[in-house]
1. Please go through the range B:124-135 and pick out each residue that is more than 17 Å from B:Y114 (Cβ to Cβ), crowded, with 17+ Cβ neighbours inside 10 Å and away from every other protein chain (no Cβ under 12 Å).
2. Given the condition within 28 Å of B:L205 (Cα to Cα), under 12 Å from the mean Cα position of the chain (by Cα), crowded, with 16+ Cβ neighbours inside 10 Å and outside the structural domain of B:A26 (by TED's automatic domain parsing), answer yes or no: does some residue in the range B:52-73 qualify?
3. Select, from A:E33, A:E21, the only residue that is away from DNA strand D (no atom under 12 Å from the Cβ) and surrounded by fewer than 15 Cβ atoms within 10 Å (Cβ to Cβ).
4. Quick check on A:F39: is it buried (at least 21 other Cβ atoms within 10 Å of the Cβ), under 23 Å from the mean Cα position of the chain (by Cα), within 15 Å of DNA strand C (Cβ to nearest atom) and among the aromatic types (F, W, Y)?
5. In this structure, does B:G155 turn out to be touching a helix residue (DSSP H, G or I) at 6+ places or on another chain (Cβ under 8 Å), open to solvent by 20 Å² or more (accessible area, probe 1.4 Å), outside any helix (DSSP H, G or I) and within 12 Å of chain A (Cβ to nearest Cβ)?
6. Could you tell me whether A:D43 is within 16 Å of DNA strand D (Cβ to nearest atom), in contact with a Leu (Cβ under 7 Å, 6 or more places away or on another chain) and free of Cβ contacts under 8 Å to residues at least 60 places away in the same chain?
7. Within the range A:158-171, take every residue that is more than 7 Å from chain B (Cβ to nearest Cβ) and under 11 Å from A:I141 (Cα atoms) and give me the one that is surrounded by the fewest Cβ atoms within 10 Å (Cβ to Cβ).
8. Among the listed residues B:F138, B:F179, identify the single one that is open to solvent by less than 50 Å² (accessible area, probe 1.4 Å) and within 21 Å of B:R72 (Cβ to Cβ).
2 protein chains.
Amino acid sequence: MSWRKEERRAERGYHHGNLKEALLQAALGLIAEKGAAGFTFADAARMAGVSAAAPYRHFRDRDELLSSIAQRGFEQFEGRLTAAWDDGRPDTVTAFERVGRAYLAFAREEPAFYNAMFESGLPVDANPALQAASERAFNIIRAAAERLAALAPPGAPRPPAMMMALHIWSMAHGVASLFSRGDAARRKLPMSPDELLEAEVLIYLRGLGFPTDRRPSAKSAEPPPVPPEASSGSSVPPGGTPGGPWGKAK
Amino acid sequence: MSWRKEERRAERGYHHGNLKEALLQAALGLIAEKGAAGFTFADAARMAGVSAAAPYRHFRDRDELLSSIAQRGFEQFEGRLTAAWDDGRPDTVTAFERVGRAYLAFAREEPAFYNAMFESGLPVDANPALQAASERAFNIIRAAAERLAALAPPGAPRPPAMMMALHIWSMAHGVASLFSRGDAARRKLPMSPDELLEAEVLIYLRGLGFPTDRRPSAKSAEPPPVPPEASSGSSVPPGGTPGGPWGKAK
DNA sequence: AGCTCATGTAAAAGCCGTTCACATGAGCTG
DNA sequence: CAGCTCATGTGAACGGCTTTTACATGAGCT
């Protein structure tokens, strides 16, 4: 039966027993280290303890391995965004910002996935499954934006949810890509990438007319997760929390 | 003299005569076609009509060629941004948006440069010259943000210019990277990347309290018209966008 | 005319991706 | 249990790429 197989193969043997998974894990590690461009099919095989030809029993070629990783990445990504959105609880704005932070957290904590997904140069739309997975992930942001758009203050024109979603996505990706990873992360920033993105989103939402100051009196039951100084009593002039969304900037 | 050399070498001869430049041009074409990852040192040599070893007389290795291209790219980029900024004429907001469009135009029109600069995985901060060139380009955005920040409406807290610059950069890079190039450009968008970025920046600026509204009617968080700028005097430039920043969204 | 050095070439080593013929052995069948 | 079969792994080989090394060429100077 299969569990006995696992035991034996885990040690050694002609047949690996779980090569496909081992290769994916090895590749994930290598990509995290050296980037998708630097990752080598042969290296992954070596790491799994098999010959260089063995991987071809499980992947048509190097690109298919990369695509598999991207696919998994989009699925995990979707899961993380879904959890962060939490169907808009406790309030739409808070949940929305949580999604932004989840985006960055994913890019930071799963650099290999993020790399394969967005920076490997994979032809995403050439692979229907991959494209679908990508779309499912984006749809979380889209759905969140739709809920947010529905809250547009009376009198103000309601922004198209799709546009909002694209804007948020571009901000998150821009921050992740420029400041949150790799060498670029070493740029001297006046604030952390997380704070940078949070401020950016807050300012953007304010530009759309949304109330973004989350005081207890507002609809949020949640204390501001990041700024410690924001807990002080505040007389908020129309247009900002004390110090604004950039309270921490130097 | 040298012009005779040019003439002769352009035809044929043991010595190429201008190999370094020819290699750079060849690489530029190859990168535009197949991306920085797909670009091959040997291919560039072949395209220049020399042996595979010849490029090593002009570049330490493949990475140095890539760095050279990135370096040039940053210089051209800086030039374009500088021209677009035009020292803030005719007014700061208009010029600021022009910089955003110039950013996208560069990414679109010079995909090879953009690729080498931002998507090749080059260790930018390992190369001082490259890092300096990158910083000079960013400083254009920074300077523009500084001018803009100085216009902060009275009453509203003045946003840190550095933060604004980073925000704008992340938006521009996000849009360029996700929607403006390669396969991702084929995503069905409700508007062009240029319009997307323009709306994004406008909404952002409005969130900071800047008067970005170019139509006479209502808006959400806009304070009274801002004092005229020092030289131009026009805070509401012509070329209005009816329907708000997303007037063109479908 | 002759020297010299930058610039080119050919050849070779080492790595990678990929293919192919062949080996192994896990699980089924009788 | 004997034997079959097919998924899975191996080794060898091909071509391509990067990089190094010894050698060739000829442009410009003296």
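1. none
2. Kept after step one, since they are within 28 Å of B:L205 (Cα to Cα), are these residues of the range B:52-73: none.
Within the range B:52-73, not a single residue is within 28 Å of B:L205 (Cα to Cα), under 12 Å from the mean Cα position of the chain (by Cα), crowded, with 16+ Cβ neighbours inside 10 Å and outside the structural domain of B:A26 (by TED's automatic domain parsing).
3. Values: A:E21 fails: away from DNA strand D (no atom under 12 Å from the Cβ).
None of the others qualify; the one that does is A:E33.
4. Details: buried (at least 21 other Cβ atoms within 10 Å of the Cβ): yes; under 23 Å from the mean Cα position of the chain (by Cα): yes; within 15 Å of DNA strand C (Cβ to nearest atom): yes; among the aromatic types (F, W, Y): yes.
Spelling it out, A:F39 is indeed buried (at least 21 other Cβ atoms within 10 Å of the Cβ), under 23 Å from the mean Cα position of the chain (by Cα), within 15 Å of DNA strand C (Cβ to nearest atom) and among the aromatic types (F, W, Y).
5. Details: touching a helix residue (DSSP H, G or I) at 6+ places or on another chain (Cβ under 8 Å): no; open to solvent by 20 Å² or more (accessible area, probe 1.4 Å): yes; outside any helix (DSSP H, G or I): yes; within 12 Å of chain A (Cβ to nearest Cβ): yes.
So B:G155 fails the test.
6. On the way: within 16 Å of DNA strand D (Cβ to nearest atom): yes; in contact with a Leu (Cβ under 7 Å, 6 or more places away or on another chain): yes; free of Cβ contacts under 8 Å to residues at least 60 places away in the same chain: yes.
Yes: the conditions hold for A:D43.
7. Going residue by residue through the range A:158-171, those that are more than 7 Å from chain B (Cβ to nearest Cβ) are A:158, A:161, A:164-165, A:168.
Of the ones still in play, those that are also under 11 Å from A:I141 (Cα atoms) are A:161, A:164-165, A:168.
Working: A:A161: 19, A:M164: 26, A:A165: 21, A:I168: 27.
That would be A:A161.
8. Working: B:F179 fails: within 21 Å of B:R72 (Cβ to Cβ).
B:F138 is the lone residue from the list that is open to solvent by less than 50 Å² (accessible area, probe 1.4 Å) and within 21 Å of B:R72 (Cβ to Cβ).
The values are calculated or read from the model by the stated rules, or taken from the named source; none is laboratory data. As the structure is a computational prediction, the values presented were derived from the model and not from experiment. Don't worry about glycine lacking a Cβ; one is built from the backbone with ideal geometry, like all the others, and counts go over all protein chains shown. For accessibility, only protein heavy atoms count, side chains too; no ligands or nucleic acids. Shrake-Rupley method; radii C 1.70, N 1.55, O 1.52, S 1.80 Å.
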